[in-house]
Structures are given as structure tokens and as C-alpha cells.
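Structure record follows, encoded as C-alpha cells.
The values are calculated or read from the model by the stated rules, or taken from the named source; none is laboratory data. None of the values given here were measured: they were computed from a predicted structure. Here the Cβ positions follow ideal geometry from the backbone for every residue, glycine too, while neighbour counts run over all protein chains shown.
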Amino acid sequence: MRIGIFGGTYDPVHTGHIETARSVFRELELDKLFMVVAADPPHKHDTNRTPAHLRLKMLEAALEGERGIAASDVEIKRAGKSYTVDTLGVFKRQYRGAELFLIVGGDMLENFPLWRDPKGIMSMAALTAVTRPDSARDMRAIADGIERDFGGRVILSEFTGPDISSTEIRRRMRDAEPINLLCDPAVERFIYTNGLYMPQEITAIRQKLYKRLRRKRLDHTMMTVREAISLAAKHGADPRKARLAAILHDCIKLPNRELLEYCETNGYELSADERANPYLIHSRLGAELAETEFGVTDPEVLNAIRRHTLGQVGMSLLDKIIYVADKIEPSREYEGVAEMREEAYRDIDSAMLLVMKHSADYTAASGRQVNPSTRAVMDWLAECIENKRQSHNDTEENNG
């Protein structure tokens, strides 16, 4: 058998890792390739590293459905630091007689002589290096030096790995920037629903929500955060405000009975409309709690939370983004949502009108009365869309 071993911290795993694994798997005609999650790599000691069991689950999510490529927890199970020579020994014993290939990034070849027992590594596996597009090193000369000093064989892969890094994904998560082009959708979902790589203030909010909301509601909240950040990036809104409003938009979204009990216990006065339709309560009350319990003072953020259920004539861009993100985030599955998602990245007004029409139709079909304010908002959105169309036509005429 021909077995590939591709180790890494995978914090998080990204599309570059997966593309590299697939390409080397084909190039070397491997029977199996194991992506080994490092527990505590000696060259990358970091007390802030994501726990190994979460990094393993992320990797498993990314590899679901892959043939011949699997995640390995061999280093997680083994106590102490993760030395490559020990890991190779495990695979050598498990797959007796197999030909092993150790896959590494090209930038690691220069440091290879500093690894623990490089001669032992080369005696067990062929070293296979994958370079990045911007590499200016003479890789063949480095490879020849390793073969001369430690024996064995160094293969330079024909595949050039994409210029993607886990560091960049972590930075983007911290700075409220989209990561969808850098990692698999399953990994992106895992990152958001587990609240990874976010700044401390957002992590603290999620921890509070974890104690209050059901897990399904919390997961929806975090995927709304994902969608709000992406929409903010597309339409030019402040992504940090979008993230903050999104994570708090359902901060008091409880089942109707519990919500009514909460209001009664805490002395919140309700309108007749709210008593008849308890689902209306959480947006107004959520804005109040965002201010009093979570310390939010930004009126734009508070308004976006307050308006995300019924909307309002004269809504801001941030208001619209939170309203739409709540209804189209990736875990939402209902007829027409795909069209709404596509429209949301073309025209936010048009997308919001689609969402509101769908909601109004569903309400009417359920035998309930559509809230009068909904009609007013829909008319206002239609007017905004028409004004933009007319403005575009006028511009075309003038340019013509």
C-alpha cells in the first residue's frame, strides 16, 4: 500500500489544505491519505490554540464524502508533544510493508534538519514537499541537501498550493470579514456555530446566549452573524455593527409561553398586539436587553435589532441587512429561499421585499391577519426599488 501522512494544526482547516491533499493523493497514486491533527506541535506551541478535539471535528466535517482521505487523531490520543518521527512509527507499525509518504509545505524543508531525528524520519517515509505560488526558494537544492545529509528520498510535488492561510481566516473572523472563499461551507458553519476565532466581546455575548437560548436558536443566531457579515461586505455597511446586531437580534427569542412569563416576571408591559402575537415581543424587548444587559449604546445597532421582525418605513441599510440575514442564513430551508439569497447579494431592497412578500403570503395562508405595518413597509420598499430603477435609467440616458 501507498500511504500519505499530511500533518498540521488545521486551526482551522482551509481549502488550501484540502486541495493539497486531493492533488497529492492523485499525484502519488496513494491508496490512503491521513490528515493528522497535531495536538501540541513543538514548533507551534500556542496556549490560545483551538482545542484539538474541535480541530479534529472541523477536519472531519471538511472531509465528509471524500474517498481515500481521512482525518487522524493519532497525535491527539498520544500524550505529550507531537513529534513527526513518533507519528510515522505508529503508521509504520499499523501498515506493515506499506510505503509511506510524509507531505509537508515547501517552507518546512529548510527547517527539516532541526526536526527531531530527521534521519529516522527519512528512513520511514519519502518526504513530499508542496510549495506555494510565491516561493522563491531553490527547492531542488534544499531537497538534494536533505537527501545527502539524511538519506532517503525527497519528492517535489508538481502541485503548487494556493496562497491561503489559517492565520488569514482567524484574522478575518476577528475583524468581521467573510471567510466563505477560504474554507469549506461545513467548516465555516462549524466555526460560526461554535463561536471560534471571534473577539472576546463577541465570545462573551455568545456565552451568555448559550445559557439562555436553545441550541437550535443559538446556531441560527450564529449563522445570522455569518450572513450579516457577508451582506455588510457586499453592500458597504459596517461589518462590526452588523455582527453585533446579528448576534443579539434573538437574544430573548424564547417559546411564546416562556416569553410571556419572562415579561410578567420582569415587569415588561405588553401591547394588545404583542399579547395576541407573542412572536412580536422579542425584537422590541431584545433591543432593550441589548442596551441594559449587554451594554450596547449604538442607536444603529439597537434599531436594527428592534426592526428585524416587522421592519419599518425608512429602515437603514444595517436594518435591512439584519432583517434579510435573519431570513436567509444558510440553515434556513423553505421554498423560495435560494432566490432570496441570490437577490440579497444583488439588491438588498429587492431581497427584503421578496422576504416580506413570502412572510405575508405564509401568514395569510395560515389564516392569520397580516400586520398592517407590513403592507406599509412593502409599499415603501417597492417605491425605493422603482426610484433606483428610474435613477439608473436617467443616468443611462445622460451617458448616452
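When residues of segment 261-285 are filtered for being part of a helix (DSSP H, G or I), surrounded by 12 or more Cβ atoms within 10 Å (Cβ to Cβ) and of a type outside the set (Phe, Trp, Tyr), how many remain? Going through segment 261-285 one residue at a time, the tally reaches 12.
State yes or no: is residue 197 modelled with pLDDT of 95 or more and surrounded by 19 or more Cβ atoms within 10 Å (Cβ to Cβ)? Yes. Out of all the residues in segment 210-225, is one or more closer than 16 Å to residue 172 by Cα and either outside the structural domain of residue 307 (by TED's automatic domain parsing) or of a type outside the set (A, V, I, L, M, F, W, C) (or both)? For segment 210-225, residues closer than 16 Å to residue 172 by Cα and either outside the structural domain of residue 307 (by TED's automatic domain parsing) or of a type outside the set (A, V, I, L, M, F, W, C) (or both): absent. Every listed requirement among (1) of a type outside the set (Asp, Glu); (2) surrounded by fewer than 21 Cβ atoms within 10 Å (Cβ to Cβ); (3) touching a residue at least 24 places away in the same chain (Cβ under 8 Å) is met by residue 112 save one, (2). The listed residues are 163, 149, and the only one of them that is loosely packed, with under 14 Cβ neighbours inside 10 Å, outside any strand (DSSP E or B) and modelled with pLDDT under 95 turns out to be 163. None of 157, 166 is touching a strand residue (DSSP E or B) at 6+ places or on another chain (Cβ under 7 Å) and touching a residue at least 12 places away in the same chain (Cβ under 8 Å) except 157. Can you confirm whether segment 168-182 contains a residue that is at pLDDT 95 or above, part of a strand (DSSP E or B) and buried (at least 19 other Cβ atoms within 10 Å of the Cβ)? No.
Taken over segment 342-365, the residue count meeting the criterion of being without any contact (Cβ under 8 Å) to a residue 60 or more places away in the chain and surrounded by fewer than 19 Cβ atoms within 10 Å (Cβ to Cβ) is 13. If you go through segment 287-318 and pick out every residue that is in a helix (DSSP H, G or I) and surrounded by fewer than 23 Cβ atoms within 10 Å (Cβ to Cβ), you end up with 10.
Just wondering, is there one or more residues in segment 237-245 that are under 18 Å from the mean Cα position of the chain (by Cα) and within 16 Å of residue 193 (Cα to Cα)? Scanning segment 237-245 turns up at least one residue that is under 18 Å from the mean Cα position of the chain (by Cα) and within 16 Å of residue 193 (Cα to Cα).
When segment 366-380 is filtered for residues that are assigned to a helix (DSSP H, G or I) and touching a residue at least 40 places away in the same chain (Cβ under 8 Å), the ones remaining, listed by number, are 373, 374, 376, 377, 380. Selection of first residues in segment 278-290 that are in the same structural domain as residue 244 (by TED's automatic domain parsing) and of second residues that are acidic (Asp, Glu) and in a helix (DSSP H, G or I), restricted to Cβ pairs under 6 Å at least 6 apart or on distinct chains, gives the following pairs, ordered by first then second residue: 280/274; 281/274. Any residue in segment 329-344 that is in a helix (DSSP H, G or I) and either polar (S, T, N, Q) or in contact with a Cys (Cβ under 6 Å, 6 or more places away or on another chain) (or both)? No, segment 329-344 contains no residue that is in a helix (DSSP H, G or I) and either polar (S, T, N, Q) or in contact with a Cys (Cβ under 6 Å, 6 or more places away or on another chain) (or both).
The set of residues in segment 224-260 that are surrounded by 19 or more Cβ atoms within 10 Å (Cβ to Cβ) and farther than 25 Å from residue 201 by Cβ contains only 259.
The residue that is surrounded by the fewest Cβ atoms within 10 Å (Cβ to Cβ), counting only those in segment 91-109 that are among the hydrophobic types (A, V, I, L, M, F, W, C) and either within 18 Å of residue 155 (Cα to Cα) or modelled with pLDDT under 95 (or both), is 108.
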